[in-house]
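See below for the structure under consideration.
The values are calculated or read from the model by the stated rules, or taken from the named source; none is laboratory data. From a predicted model like this one, the values you see are computed outputs, not experimental measurements. Don't worry about glycine lacking a Cβ; one is built from the backbone with ideal geometry, like all the others, and counts go over all protein chains shown.
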Amino acid sequence: MFEPIKQWFDTLEQPNHLFNRPEDEAIHVALASVLFHIVNTNHHQESSREYQYFSQILEEEFNLSDVQIKRLHKAAESSNRDLSKDLETINCYLKDNPNVRMQFMDKLIRLIDVDGIEDNRMMTFNRVLGVVFPNININY
């Protein structure tokens, strides 16, 4: 009875790819933009720990080089991209699997907690949560 639950928790700890087509540049840009948006919600200088986790997510998901990650970071940093459109892109690319969606949200939880959770980051996280899991209702 508890074996499926244990297997689900075990999958959360395994590094696996969330996206069906990790070679697609559109998802690279959208994910980098969403990650940077979450890190930069309070318009503070991002910490080296935040950048390190940002880089780790992109490297694990897409096997990108440091140069490619730096390019994506710079593009996200200078971009005026709409968060909603990037979230739609990510949501379209996520596998049609609640476990994978949970793994994605787990990565975001870890990112918002790198230097402590602030109200603006939590609000952005809840916005992402509402797109990835539209049936979850967040009320403040």
Original post:
Is it fair to say Val67 is surrounded by fewer than 19 Cβ atoms within 10 Å (Cβ to Cβ), in contact with a strand residue (DSSP E or B) (Cβ under 7 Å, 6 or more places away or on another chain) and not charged (D, E, K, R)?
Top reply: no
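Only helices (runs of 4 or more DSSP H) wholly contained in the range 53-140 count here; list those with 3 or more residues that are farther than 16 Å from Val34 by Cβ and not basic (Lys, Arg). Even if it seems obvious, please write down each step before you answer.
Details: elements: 66-78, 83-93, 98-112, 119-132.
In the range 53-140, the matching helices (runs of 4 or more DSSP H) lie at 66-78, 98-112.
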**OP:** Would you please list the contacts, defined by Cβ atoms under 9 Å and residues six or more apart or on different chains, that run from a residue in the range 81-100 that is surrounded by 16 or more Cβ atoms within 10 Å (Cβ to Cβ) to a residue that is of a type in the set (D, E, K, R)?
**Re:** Leu83/Arg127; Leu87/Arg127; Asn91/Arg101; Tyr93/Arg21; Tyr93/Asp24; Leu94/Arg101
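Out of the residues in the range 43-52 that are part of a helix (DSSP H, G or I) and touching a residue at least 60 places away in the same chain (Cβ under 8 Å), which is farthest from Val100 (Cα to Cα)? Give the derivation first.
Of the residues in the range 43-52, the ones part of a helix (DSSP H, G or I) are 48-52.
Then drop every residue that is not touching a residue at least 60 places away in the same chain (Cβ under 8 Å), which leaves 49-50.
On the way: Arg49: 25, Glu50: 23 Å.
Taking the candidates together, the pick is Arg49.
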**OP:** Might you let me know whether the range 103-118 holds any residue that is crowded, with 19+ Cβ neighbours inside 10 Å, more than 22 Å from Ser47 (Cα to Cα) and touching a residue at least 60 places away in the same chain (Cβ under 8 Å)?
**Re:** yes
Original post:
What pairs come up if the first residue lies in the range 18-42 and is over 16 Å from Ile57 (Cβ atoms) and modelled with pLDDT under 85, the second is of a type outside the set (Phe, Trp, Tyr) and assigned to a loop (DSSP other than H, G, I, E, B), and their beta carbons are under 9 Å apart, counting only those six or more places apart or on different chains?
Top reply: Asn20/Lys95; Thr41/Glu118; Asn42/Glu118
